[in-house]
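The structure appears below as structure tokens.
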Amino acid sequence: MNRFQSTLAGLVLALTSLWTLPTHAAREVAGVRFDDQTSLASQALVLNGAGVRVKMIIKVYAVGLYVPHKETAPAGILNQAGPKSIRIVMLRNVSAEKLTDALMEGIVDNVSPADLRSLQPRLEELETAMRNAGEAVKGAQIQLDYLPGIGTRVTMGGKPLGKDIAGEDFYRALLKIWLGEHPSDRSLKGDLLGQS
């Protein structure tokens with residue numbers, strides 16, 4: 001092989017390796033971009049799925065679910081160890097009262113009466129924090145993060161709403177709003193499970 005062929009072969013090899021580098025693709029839902037990967041508590045998370053919460057015919061928010069590894073079954077997500085993140089981007093203005101009521105209704109519909117009694121003090125903490133946040137305006141970003149050993153951290157626009165809420169059982173109850181037996185939106189459940 002002459003020098004020109006050797007240089008050309010090296011260039012082709014270099015370009016080929018660039019094409020095979022992993023890229024951080026994104027999924028766009030209702031104009032909202034969800035990256036395929038993120039990190040939380042120094043751990044890499046992947047986008048399990050993303051979709052839009054529709055009530056009647058109104059698009060309320062886009063939501064993405066991030067977990068350590070992809071799962072298509074609700075139990076696989078609910079029982080998965082490690083940090084998790086639910087990222088919500090509002091598609092319209094919603095009062096704190098309506099948003100809080102919808103979250104509470106989703107939990108009540110998906111946990112047993114005994115679990116609800118156990119969760120009640122922590123649900124009151126969440127309710128107070130959400131109501132104090134005021135209106136969730138179009139474009140507002142809300143994150144419900146689970147941090148192992150710490151609990152659930154709720155932020156809006158990157159600012160914590162109240163203190164962290166203890167217990168992995170509490171985060172599982174939040175996940176059931178979208179992934180439980182009686183989800184707030186069956187189509188969205190499938191989207192978050194990556195089934196669509």
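The values are calculated or read from the model by the stated rules, or taken from the named source; none is laboratory data. Just so it is clear, the structure is predicted and the values come from calculations on it, not from any experiment. Cβ coordinates were reconstructed from backbone atoms using ideal geometry, including for glycine residues, and neighbour counts include every protein chain displayed. Heavy atoms of the whole protein, side chains included, go into the accessibility calculation; ligands, DNA and RNA do not. Shrake-Rupley method; radii C 1.70, N 1.55, O 1.52, S 1.80 Å.
Of the listed values (i) 0.94; (ii) 1.12; (iii) 1.06, identify the label whose number matches Rg/Rh (Cα atoms, Kirkwood Rh) calculated from this model.
(ii)
Probe of 1.4 angstrom, ligands and nucleic acids ignored: what's the accessible area per residue over the range 96-196, in square angstrom?
50 Å²
Taking 0.36 nm per residue of sequence separation and subtracting the Cα-Cα distance, how much length would be gained by fully extending the chain between D35 and A114, in nm to one decimal?
This chain segment gains 24.7 nm when fully extended.
Using only DSSP helix segments of four residues or longer, with each worth -39500 (n - 2.57), what per-residue ellipticity at 222 nm results for the chain after dividing by its residue count and rounding to 500?
Here the helix-only value at 222 nm equals -12000 deg cm²/dmol.
Carbon and sulfur together cover what percent of the accessible area of the chain at a 1.4 Å probe radius?
Using a 1.4 Å probe with all protein chains present, the chain comes out at 54 percent carbon and sulfur.
Compute, for M156, the solvent-accessible surface of its heavy atoms (probe 1.4 Å) with the complete set of protein chains present, and express it in square angstrom to the nearest 10.
40 Å²
Summing +1 for each Lys or Arg and -1 for each Asp or Glu, what net charge is found among the other residues whose Cβ lies under 12 Å from the Cβ of G162?
After counting each charged neighbour, the total is +1.
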